[in-house]
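Visitor: Sharing a structure here in structure tokens format.
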């Protein structure tokens, strides 16, 4: 039994339908990417860059060693000197979130006020980013980002 012949008009509709599906999928992905972007890090990158080298040198001079350990829903954060001596810090703020979007960011409160810092924090499997901000006793600001990998 012979079917209807494949005409140029049918081929055009098939091609337009295929490209329509591809374009629709791409637009949905673009919308999702733009909607989940956390935004700018700084308002003016040129102004922020002017003090970057001096701030980095001051932070490096502190010689702090920051380590994290996460297991069984417990986060341990240690801020020490190179020899392992705990360092007293002022104005410690820690935020944990995903690197790709800011809607999962959580500000962390620790159970004690000196290193090592401990807290209970359930994290889903995957890569998390810990953003630490503190001030040394001499007033030097300290900022660092650390990755936390949670395995199943």
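Please treat every number below as a calculation from the coordinates, not as lab data. What you see is a predicted model; the values in this text were computed from it and never measured. Cβ coordinates were reconstructed from backbone atoms using ideal geometry, including for glycine residues, and neighbour counts include every protein chain displayed.
Visitor: R0 = 25 Å: FRET efficiency of residue 74 with residue 105, Cβ-based, nearest 0.05?
Guide: Rounded to the nearest 0.05, the efficiency is 0.80.
Visitor: Using helices alone, I'd like the mean residue ellipticity at 222 nm for the chain: each DSSP H run of four-plus residues gives -39500 (n - 2.57), total over residue count, nearest 500.
Guide: Only helices count here, giving -10000 deg cm²/dmol.
Visitor: Spin-label point model (7 Å from Cα, Cβ direction): what's the residue 50 to residue 124 distance in nm?
Guide: Each label point lies 7 Å from its Cα, and together they span 4.2 nm.
Visitor: Please work out the Cα center distance from the range 1-35 to the range 68-105, rounded to the nearest Å.
Guide: Cα centroid of the range 1-35 versus Cα centroid of the range 68-105: 49 Å apart.
Visitor: Taking Cα pairs under 8 Å and at least six residues apart, what relative contact order does the chain come out at, in percent?
Guide: It rounds to 19 percent for the chain.
Visitor: Which angle between 0 and 90 degrees, to the nearest 10, do you get for helix 52-62 versus the longest principal axis of the chain when only C-alpha atoms count?
Guide: Helix 52-62 sits roughly 50 degrees off the main axis of the chain.
Visitor: For a protection proxy built on the mean count of beta-carbon atoms within 10 angstrom, sort 77-90, 8-21 highest first, please.
Guide: The densest-packed peptide leads the list: 77-90, 8-21.
Visitor: Please give the contour-minus-distance gain from residue 16 to residue 4: 0.36 nm per residue of separation, less the Cα-Cα distance, rounded to one decimal in nm.
Guide: Length gained between residue 16 and residue 4: 2.3 nm.
Visitor: Cα axis of helix 8-36 to longest principal axis of the chain: angle in degrees, 0 to 90, nearest 10?
Guide: With rounding to tens, the tilt is 10 degrees.
Visitor: Order of 122-129, 43-50 by packing, highest average Cβ count within 10 Å first?
Guide: For the peptides 122-129, 43-50, the packing ranking is 122-129, 43-50.
Visitor: For a quick check: sort 113, 72 by the number of other beta carbons within 10 angstrom, fewest at the front.
Guide: 72, 113
Visitor: Roughly what would the spin-label model give for residue 32 and residue 140, points 7 Å off Cα along C-beta, in nm?
Guide: A separation of 4.5 nm, rounded to one decimal place.
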